[in-house]
Amino acid sequence: MMVRQPGSNHSNSIGVLICDDAADMRELLTRIIERRDGLHVAGEAADGVEAIAEAERLQPAVIILDLSMPRMTGLDALPEIKRVAPAAIVVVLSGFSASMVAEDVLAEGADRYLEKGASPSLITDTIEELVSTRALAATL
């Protein structure tokens with residue numbers, strides 16, 4: 001598990017927690033997120049149990065959550081993640097077809113479902129869109 005300590009460069013940026021059991025996928029997502037101004041990786045988790053613990057500890061603005069992980073799946077972890085980090089936006093990014101699981105993950109509290117293989121710009125645009133929408137709703 002990699003954790004970045006808060007730094008002055010990240011004080012005004014959106015913190016993202018990446019939860020995926022594949023180290024290569026976490027690295028790829030880190031590169032995608034860190035390339036976008038205004039976003040930074042706050043931490044990582046390799047399974048559902050770590051995802052819950054890191055969500056509670058870090059209180060990130062956004063959580064990217066895989067479904068297929070050891071010890072506890074993302075779908076099983078999702079309700080607990082929403083309980084311990086209620087303000088976090090959860091984007092499920094998984095290899096399962098959206099037609100198979102999107103309805104379930106949205107019903108469990110996820111804010112959006114993206115299939116793995118989504119373009120880097122779709123991932124970062126989705127994060128920014130959801131954060132902007134949440135911020136706008138908070139001002140109304």
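The values are calculated or read from the model by the stated rules, or taken from the named source; none is laboratory data. In this text the structure is predicted, and so the values were computed from the model without any measurement. When we count neighbours, we look across all protein chains shown, and the Cβ atoms used for this are built from the backbone with ideal geometry, even at glycine. Accessible surface areas use protein heavy atoms only, side chains included; no ligands, DNA or RNA. Shrake-Rupley method; radii C 1.70, N 1.55, O 1.52, S 1.80 Å.
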For the chain (alpha-carbon point model, no solvent) the Debye-based log₁₀ I(q)/I(0) at q = 0.13, 0.14, 0.18 Å⁻¹ works out to -0.48, -0.56, -0.98
Any idea what the relative contact order of the chain is, in percent, if you count C-alpha pairs under 8 Å spaced at least 6 apart?
-> 20 percent
Whole-percent carbon and sulfur contribution to the accessible surface of the chain (1.4 Å, no ligands, DNA or RNA) stands at 53 percent
Sequence-distant or interchain residues sharing an amide H contact under 5 Å with ILE14, placed H: which?
-> LEU39, HIS40
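In Å³ and rounded to a whole number, note down the convex hull volume per residue for the Cα atoms of the range 90-140.
70 Å³
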Tell me, Kirkwood radius of the range 54-134 from alpha-carbon pair distances, in Å?
-> 12.7 Å
In nm, give the distance between the simple-model label positions of GLU34 and LEU140, each being 7 Å from the Cα along the Cα-to-Cβ direction.
-> 3.7 nm
If we count every other residue with Cβ under 14 angstrom of GLY95's Cβ, Lys/Arg +1 and Asp/Glu -1, where does the sum land?
-> -4
